[in-house]
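Below: the structure, in structure tokens.
The values are calculated or read from the model by the stated rules, or taken from the named source; none is laboratory data. Only a predicted model underlies this, so the values are computations on that prediction, with no experimental measurement involved. All Cβ positions, even for glycine, are placed from backbone atoms using ideal geometry, and neighbour counts span all protein chains on display. Quick note on the areas: whole protein, heavy atoms, side chains included, nothing else; ligands and nucleic acids left out. Shrake-Rupley method; radii C 1.70, N 1.55, O 1.52, S 1.80 Å.
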Amino acid sequence: MGQDSDIKLLVDGKRLDGRSQFDLRNIRIEAGILHDADGSAFVEWGKNKVICGIYGPRECIPRHEASPYKALVKCRYSMAPFSSLEEHSRSGPSRRSVELSKVIREVFENLIITESFPRTQINIFVDVLQSDGGTRTTCITAAAVALANAGIPMRDMASAVAVGKADDILIADLAKEEDNFGQCDMPVAFSYRKKDILLLQMDGLLTREEIETLLNEAEKASDKVYAKQFDALKKVYESPEENFKM
Amino acid sequence: MNNKRIVLPGERISDKKLFMPNTFVEGEETFAAVIGMVDEEGKYIPLESKYKPLQEDVLVGIVTDIRHAGYSVDINLSSPGFISSKDFRVQLELGDIVSCKAGQVDEIGEVDFSEVKKLPPGKIIHFPPAKIPRLIGRKSSMISLIREHSGGDIVVGNNGYVWISEASNIPLVLKTINIIIRKAHMSGLTDEIAQYLKNQKTGE
């Protein structure tokens with residue numbers, strides 16, 4: 001964000017990858033791809049590739065963390081060492097991955113009906129295999145599909161998308177260059193039914209009016225993401241022969 | 001699949017208050033909590049769910065620990081069940097398979113066992129708990145069909161563990177069960193499986 005460069009991010013209203021202002025990248029979602037996880041999903045979002053596995057509700061470890069009132073939601077976000085060109089050369093815990101694990105966890109703490117499973121934990125593992133800007137939104141999208149695939153009771157589904165500003169123009173679904181050299185990046189996660197905002201972060205500056213426009217655009221975009229999530233989950237049951245397995 | 005529609009968590013399934021498993025009520029409406037199907041009459045059938053023990057359920061468990069007063073048994077719940085050696089006099093060893101009936105279930109889902117039986121060695125497999133009714137079939141039609149063709153005994157636990165005796169044709173049973181897992185939500189499954197088993201027999 002805010003790095004100086006002479007790259008023109010928008011030329012004649014077209015972005016670097018040929019999209020117009022509020023277009024999303026191509027999204028492909030597969031559900032139920034892992035044999036041993038309780039639920040799983042694979043999401044390809046532009047050049048992002050994310051795989052998610054769900055375990056639980058299972059015995060809470062360490063025991064003393066367990067709550068007698070609800071299940072704990074635990075999330076671990078991790079980037080593969082080969083996931084991007086620079087920075088993330090090792091996949092161990094880092095400042096960034098701890099933050100992302102936390103924000104993803106908080107999205108699902110608000111959705112899962114945790115009271116049904118006291119003294120247990122639900123693990124969400126998201127692994128970024130390839131990154132190109134917007135991995136946290138991709139991970140939330142993947143985890144929502146995987147949780148639905150696992151049969152964990154939820155009050156709503158979550159769909160996430162990033163919106164922002166580059167070259168003084170408001171855009172949706174920022175790619176890596178737009179994120180790095182643009183003016184603002186604002187990832188947002190919505191619940192589908194109630195349109196609750198489950199995640200809202202902002203890096204950069206926007207005016208009040210811009211935020212309003214962008215939130216409306218993000219809401220529209222998240223509905224498109226939800227349609228993809230729905231199709232992926234539906235496909236598991238509609239064409240059981242053609243299921244994709246890793 | 002026709003005239004049935006898939007609902008995701010959070011979708012409204014009724015504008016009345018229905019108190020069913022795998023749903024939740026908000027205001028005057030009922031919503032799906034897990035992925036499921038709604039048929040033309042508006043009936044909601046969950047497709048994936050976690051096992052919640054109910055009284056009278058048949059359970060299949062694996063002995064995971066021997067303690068001084070009894071045995072810990074894995075019954076596909078987040079906490080192991082406990083069989084007291086006072087109630088069950090047969091000596092068990094680690095890895096033994098038992099079948100039993102669920103007695104009292106308390107509010108945090110812990111189960112008391114009754115009618116404990118030790119099962120002879122066999123294969124144990126996981127089966128999605130939401131799809132167990134399809135594996136058993138109407139008046140256990142499906143499971144008796146499989147038993148008949150496999151030549152051995154099969155015990156289906158409502159908790160999602162299925163025990164297959166060593167005497168049965170295990171590869172055939174596994175293949176059949178895999179078809180049931182993939183097609184559990186489709187109609188006419190018992191006929192399809194009957195046809196499949198018949199074909200397998202003539203193929204031999």
Reported set for the stretch B:35-90 where residues are basic (Lys, Arg) and under 14 Å from the mean Cα position of the chain (by Cα) is B:LYS50, B:LYS52
Only one of (1) basic (Lys, Arg); (2) open to solvent by 90 Å² or more (accessible area, probe 1.4 Å); (3) not assigned by TED's automatic domain parsing to the domain that holds B:TYR196 does not apply to B:LYS101, and that is (2)
Tell me, please, whether a residue that is within 14 Å of another protein chain (Cβ to nearest Cβ), among the aliphatic types (A, V, I, L, M), outside any strand (DSSP E or B) and within 24 Å of A:LYS194 (Cα to Cα) can be found in the stretch A:154-162. yes
Filter result for the condition that a residue is away from chain A (no Cβ under 14 Å), among the charged types (D, E, K, R) and open to solvent by 20 Å² or more (accessible area, probe 1.4 Å), over B:GLU110, B:GLU148: B:GLU148
If a residue has to be in a loop (DSSP other than H, G, I, E, B), closer than 19 Å to B:ILE132 by Cα and not polar (S, T, N, Q) to count, how many in the stretch B:70-107 make the cut? 2
Counting only residues that are farther than 22 Å from A:LEU111 by Cβ and in contact (Cβ under 8 Å) with a residue 24 or more places away in the chain, which one in the stretch B:6-44 is nearest to the other protein chains (Cβ to nearest Cβ)? B:ASP39
All positions within the stretch A:112-142 that are part of a loop (DSSP other than H, G, I, E, B) and surrounded by fewer than 23 Cβ atoms within 10 Å (Cβ to Cβ): A:ILE113, A:PRO118, A:ARG119, A:SER131, A:ASP132
Which condition breaks for A:LYS74 when tested against (1) within 21 Å of A:GLU44 (Cα to Cα); (2) open to solvent by 20 Å² or more (accessible area, probe 1.4 Å); (3) assigned to a strand (DSSP E or B)? (1)
Could you please find all residues in the stretch A:190-223 being within 14 Å of chain B (Cβ to nearest Cβ), under 17 Å from the mean Cα position of the chain (by Cα) and either charged (D, E, K, R) or farther than 22 Å from A:ALA144 by Cα (or both)? A:LYS195, A:ASP196, A:ASP223
